[in-house]
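For reference, the structure is listed below as structure tokens.
Values in this text are rule-based calculations from the coordinates and carry no lab data. Only a predicted model underlies this, so the values are computations on that prediction, with no experimental measurement involved. Ideal geometry is used to build each Cβ from the backbone, glycine not excepted, and the neighbour counts take in all protein chains shown.
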Amino acid sequence: MSNRVRVQTHINGEEREFLCEPRQSLLEVLRDTLLLTGAKEGCNNGNCGACNVILDGVLVNSCLVLAVEADGCEITTIEGIAYKDRLHPLQQKFLEHAALQCGICTPGFIVSAKALLDHNPDPTEQEVRLWLAGNLCRCTGYDKIIRAVLDAADSAEVGAEAEATRV
Amino acid sequence: MQAFDYVRAKDVDEVVSILARHGDQARVLSGGTDLLVALREGRRQAQVVVDIKGLAETKAMSYSPTSGLSLGAAVPCYRIYGDEAVAAAYPGLIDAAHLIGGVQIQGRASLGGNLCNASPAADSIPALIAHLAICTVAGPDGRRDVPVEDFCVAPGRTVLQPGEFLVSIRLPAPQPGFGAAYLRFIPRNEMDIAVVGAGVSVLLDESRRVIRSACVALGAVAPRPLFVPAAGEALEGRTISDEAIDEAVRLAQEAATPITDMRGTAEFRKHLSAVLTRRALHMAIARAQAS
């Protein structure tokens, strides 16, 4: 039992094939096999959101997805958020607003916020707070994060991306 | 995590045969938000994990104003509240689907899984009871229907027999004059387990002033989600009034047999049972009057 399984995915726009054991989480494979270490293991039980990735357009905790379940799926990780030549507005605004301190939760927050803006490019503060409730930060007190996301939502690029995602 | 084999099942028969062969060493995987944590922490064992997300029936969701809602057991929460017709027809169910974890959890977690996990505090179960939902179970002897209020039998235990699994949940079409609501108390704004939850529904007559029937269910006040028929019956045929609601609230509170644990004392839960039943009834009545 537990032979390794071949899994085919698209990660950040590239075809990625890997072998994994059925018991391995997507997070484990992303980090240890594919060396995409941006997604973090915080709680490993779905509470903290540090491992968030976008799976076929849906925000998930990659610690609560088996890697074998991702066969045939499109995955966006924090490594796929920036543009070729510059940071994504969310990343830029996190820096400008000092929306991070230790940084462990940051990839999860940015991926989560990206998923929000893809489907709601003009959220209210309440909507941002509600959406990010599944991402825990123990340093910032959240306020700067919320302001960074709201500020990023004002950028024209975010509106255009949401338009493209909706197709 | 412990080692296991993974099967992405293609149809109901395949699931049943794997479950029949492996007994309690086979586990059904839907969204995985409970199962994977339990396997990782060693609270559950499995030699085989059967993924039911690939089955036509378990991933299907269909609604019509005449036949109601058929909800595949593996349909994740976000698809339920993301469907405009379903969200408009079942706001009381959406109350619960919106509360289960954060968006990351709602992207995977299904109401079928919430039901099979059989937590006394499960958010969706009082709401499903209030909607008179019926579960369709498949097993070695074919299919059977189970009223949702009978599905859970004890903490973490359901009526499912060896070889059986939950295929889908049916909710009747909401009639004119029907309204439902689910409310829970938690000490923070989001992302917590109910201290108490209340799912209620009412069906009003044409005047929208008289209650034809009502249904009250509570979460986290008993070893399983608690259906309180007496509370609903107390409202039958009554004109909407504080007195009628008071009586239903009193009966719901009396039926609650909570324990004291880290989330709250038995006394506090008793208090909450009354507060939430009352508020949920007012909400359900307001929705019914707007219907």
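A few points about this structure:
- Some residue of the range A:143-152 being outside any helix (DSSP H, G or I), touching a residue at least 40 places away in the same chain (Cβ under 8 Å) and surrounded by 19 or more Cβ atoms within 10 Å (Cβ to Cβ): no
- All positions within the range B:10-47 that are outside any helix (DSSP H, G or I), under 16 Å from B:LEU160 (Cβ atoms) and not basic (Lys, Arg): B:ALA26, B:VAL28, B:LEU29, B:SER30, B:ASP34, B:ALA46
- Inter-residue pairs, beta-carbon under 6 Å, first within 13 Å of another protein chain (Cβ to nearest Cβ) and in the range B:69-93, second among the β-branched types (Val, Ile, Thr) and not in a helix (DSSP H, G or I), 6+ apart: B:ALA74/B:ILE52; B:CYS77/B:ILE100
- Check on A:LEU66, aliphatic (A, V, I, L, M), within 14 Å of chain B (Cβ to nearest Cβ), buried (at least 22 other Cβ atoms within 10 Å of the Cβ) and within 24 Å of A:CYS139 (Cβ to Cβ): no
- From B:LEU235, B:LEU251, B:LEU203, residue being crowded, with 19+ Cβ neighbours inside 10 Å and in a loop (DSSP other than H, G, I, E, B): B:LEU235
- Test: residue in the range B:121-130 that is closer than 23 Å to B:LEU55 by Cβ and either among the aromatic types (Phe, Trp, Tyr) or within 14 Å of another protein chain (Cβ to nearest Cβ) (or both): no
- Qualifying residues in the range A:14-32 (those that are aliphatic (A, V, I, L, M), within 13 Å of A:VAL68 (Cβ to Cβ) and assigned to a helix (DSSP H, G or I)) - the one nearest to the other protein chains (Cβ to nearest Cβ): A:LEU26
- Selection within the range B:96-110: residues that are away from chain A (no Cβ under 11 Å) and assigned to a helix (DSSP H, G or I). The member of this set that is farthest from B:ALA122 (Cα to Cα) is B:ALA97.
- Count of residues meeting criterion [surrounded by fewer than 20 Cβ atoms within 10 Å (Cβ to Cβ), charged (D, E, K, R) and assigned to a loop (DSSP other than H, G, I, E, B)] in the range B:115-168: 1
- Checking each residue in the range A:3-26 for being charged (D, E, K, R) and surrounded by 15 or more Cβ atoms within 10 Å (Cβ to Cβ) picks out A:ARG16, A:GLU21, A:ARG23.
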